[in-house]
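The values are calculated or read from the model by the stated rules, or taken from the named source; none is laboratory data. Since the structure is predicted, the reported quantities are computational estimates derived from the model, not experimental observations. Cβ placement follows ideal geometry from the backbone for every residue including glycine, while neighbour counts extend to all protein chains displayed. These accessible areas exclude ligands, DNA and RNA; they are computed on the full protein's heavy atoms, side chains included. Shrake-Rupley method; radii C 1.70, N 1.55, O 1.52, S 1.80 Å.
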Amino acid sequence: MDSVLLMDCGSGTLQRMARSGVVPVDLAGIFISHAHLDHIGDLTAILFMLHLPEQERADDLLIHAGPGMGKILEGLQGVFGEWLTPSGCALHALEHQEGRFEVGELLCEVRPVQHHSSSIGIRVRGADGCTVAYLGDTDLCDEAVELCRGVDLAIMECSLTDDDDRPGHLNPKRIAELARRAKPEGLLISHLYPETAELDIPALLESHGCRIPAAVAFDGMGIAIDPPAH
Ligand SMILES: [Zn+2]
Ligand SMILES: [Zn+2]
């Protein structure tokens, strides 16, 4: 199996992983975009499963996240003790604000994005040259544009409707502007709330002048990306 990087783990992630044939022991690493519960709710369930002797890992498990992750992990382990310690390996939280690191053969770059003090977005390049950006939650900002610049697939949230301009999240108008500046090859829209889930987001993006192919994510969705020709 190629290196599997789990990007965020809100409630229900462990179950969705199992349905997709991925168990926690398969993970090369975990990336956490920020410390809101809808992005880390299943972290304890994943670590609890990794404590089982039959889930023993050979490699240490690294959680790549923004500032504050070490304290959260310490707090959880303070409450749950050894039950959150993976079997056979060490667990480390690596806090980043900006920088590059490797997860297996994946080259990762992170930058801070505008949402929460712990928020970072990620850009990943696979061994075949394919690039994917994942922003977690964010407002439209220069760092988000840089992470998405020219990638094969940019995964973005759409929490707000166009007439809701609260800061710290994206709406179709902001996504279209972000895409206009970053020019990714494709857009995958995720993190919908009831107000945005009923919208035809690809049509709205088009109405805002966005010509980049866009799809709305659903549970269990798989996307294969052709390696770039150059
Ligand atoms: Zn959030
Ligand atoms: Zn969120």
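List every residue whose amide H lies under 5 Å from the amide H of residue 27, counting only residues 5 or more places away in sequence or on a different chain, with H placed 1.01 Å from N in the peptide plane.
Excluding prolines and chain starts, which carry no amide H, there are no hits.
Which order, highest average first, do 35-45, 11-21, 86-96 follow once you tally other Cβ atoms within 10 Å for each residue and take the mean per peptide?
35-45, 86-96, 11-21
When DSSP beta bridges are limited to those with both residues in segment 115-214, what percentage is antiparallel, rounded to the nearest 5?
DSSP beta bridges in segment 115-214 are roughly 30 percent antiparallel.
Using every pair of alpha-carbon atoms in the chain, split the distances into 5 Å bins beginning at 0 and state the percent of pairs per bin, rounded to integers.
So the P(r) values, bin by bin, are 1, 7, 14, 18, 20, 17, 12, 7, 3, 1, 0.
How do 58-68, 213-223 rank on mean C-beta neighbours within 10 Å, highest first?
58-68, 213-223
Give me the percent of the accessible area of the chain that comes from carbon and sulfur atoms, probe 1.4 Å, all protein chains in place.
Ligands and nucleic acids excluded, carbon and sulfur give 52 percent.
Using modelled backbone amide H atoms (1.01 Å from N, in-plane), which distant-in-sequence or interchain residues come within less than 5 Å of residue 151's amide H?
185
With a ≥ b ≥ c the root eigenvalues of the C-alpha gyration tensor of segment 1-96, is it rounded (a/c under 1.5), prolate (a/b larger than b/c) or oblate?
In terms of gyration-tensor shape, rounded.
Which ³J(HN,Hα) values in Hz, rounded to whole numbers, follow from the phi angles of segment 108-117 under the Karplus curve 6.51 cos²θ - 1.76 cosθ + 1.60, where θ = phi - 60° and Gly and Pro get x?
Once θ is set to phi - 60°, the couplings for segment 108-117 become 10, 10, 10, 9, x, 10, 8, 7, 8, 4 Hz.
Short version: ³J(HN,Hα) in whole Hz for each residue of segment 159-169, in order, from phi by Karplus 6.51 cos²θ - 1.76 cosθ + 1.60 (θ = phi - 60°), x for Gly and Pro, what are they?
7, 10, 8, 4, 8, 10, 10, 4, x, x, 9
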